[in-house]
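Enquirer: Sharing a structure here in structure tokens format.
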Amino acid sequence: MKIHHTGHGDNVCETDHGGKPFVANIVHAAKQNQNFRTAFWTGCHLQMTVMCIPIHGEIGVEMHPDTDQFIRVEEGQALVRMGNCKDKLDSMCQMQQGDAVFIPSGTWHNVFNTGSYALKLSSFYAPPKHPKGTIHHTKADAANKDYSG
């Protein structure tokens, strides 16, 4: 079985590498990504995306009823807010590079960029949340259900 490995100079964000064994530097991939969301690896039971949130931007309030999520700050500063209701995100925590949050299915959440440059995130979903190969260049693209990237 061949395991594909990316180097630090490779443009690793140009395709979804899922469905096969794959080794990558996640920090490098997240820092290289300029899209709001790029599906980086999509398997049958797990998906990883990388995200770029602009200054003063946010992911947007969301809840995944059947998907657990893990979000890690690869570069920048963030504020994560969570709660049981869309209108009551009463738990919050500041995050910086290397910090991560585990979000159980059914939990409303949002992540805000509180830094002075783009926030770079990696995000894992189990099971996958987005179609394989998803690229959302902007948050507006992500909100448009018909957008295919």
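The values are calculated or read from the model by the stated rules, or taken from the named source; none is laboratory data. Small disclaimer: the values here were computed from a predicted structure and weren't measured. For neighbour counting, all protein chains shown are included, and Cβ atoms are generated from backbone atoms with ideal geometry for every residue, glycine included. Keep in mind that these areas ignore ligands, DNA and RNA; they rest on the heavy atoms of the full protein, side chains included. Shrake-Rupley method; radii C 1.70, N 1.55, O 1.52, S 1.80 Å.
Enquirer: Could you tell me whether the range 37-55 includes any residue that is part of a loop (DSSP other than H, G, I, E, B), open to solvent by less than 70 Å² (accessible area, probe 1.4 Å), touching a residue at least 40 places away in the same chain (Cβ under 8 Å) and under 21 Å from residue 143 (Cα atoms)? First the steps, then the outcome.
Expert: The initial filter retains those residues of the range 37-55 that are part of a loop (DSSP other than H, G, I, E, B), namely 43-46, 54-55.
Imposing the further condition that a residue be open to solvent by less than 70 Å² (accessible area, probe 1.4 Å) reduces the set to 43.
Now drop any that are not touching a residue at least 40 places away in the same chain (Cβ under 8 Å), which leaves 43.
Remaining after also requiring under 21 Å from residue 143 (Cα atoms): none.
Checked against the condition, which is being part of a loop (DSSP other than H, G, I, E, B), open to solvent by less than 70 Å² (accessible area, probe 1.4 Å), touching a residue at least 40 places away in the same chain (Cβ under 8 Å) and under 21 Å from residue 143 (Cα atoms), the range 37-55 yields no hits at all.
Enquirer: Confirm whether residue 67 is modelled with pLDDT under 95 and surrounded by 15 or more Cβ atoms within 10 Å (Cβ to Cβ). Before you say what the answer is, go through the steps one by one.
Expert: On the way: modelled with pLDDT under 95: no; surrounded by 15 or more Cβ atoms within 10 Å (Cβ to Cβ): yes.
Judged against the criteria, residue 67 is not a match.
Enquirer: Another question, if that's okay. Just need a number here: residues in the range 100-125 that are surrounded by 15 or more Cβ atoms within 10 Å (Cβ to Cβ) and within 15 Å of the chain's Cα centre (by Cα).
Expert: 16
Enquirer: Next question. Return yes or no: is residue 124 assigned to a strand (DSSP E or B), touching a strand residue (DSSP E or B) at 6+ places or on another chain (Cβ under 6 Å), of a type in the set (Phe, Trp, Tyr) and without any contact (Cβ under 8 Å) to a residue 40 or more places away in the chain?
Expert: On the way: assigned to a strand (DSSP E or B): yes; touching a strand residue (DSSP E or B) at 6+ places or on another chain (Cβ under 6 Å): yes; of a type in the set (Phe, Trp, Tyr): yes; without any contact (Cβ under 8 Å) to a residue 40 or more places away in the chain: no.
No; evaluated as a whole, the condition is false for this residue.
Enquirer: List the number of the failed condition for residue 60; all other conditions in (1) surrounded by fewer than 17 Cβ atoms within 10 Å (Cβ to Cβ); (2) in contact with a helix residue (DSSP H, G or I) (Cβ under 7 Å, 6 or more places away or on another chain); (3) within 14 Å of residue 35 (Cα to Cα) hold.
Expert: (3)
Enquirer: Another one. Within the range 70-99, can you find the residues that are within 15 Å of residue 53 (Cα to Cα) and open to solvent by less than 60 Å² (accessible area, probe 1.4 Å)?
Expert: Scanning the range 70-99 gives 71, 73, 74, 75, 76, 78, 79, 80, 95.
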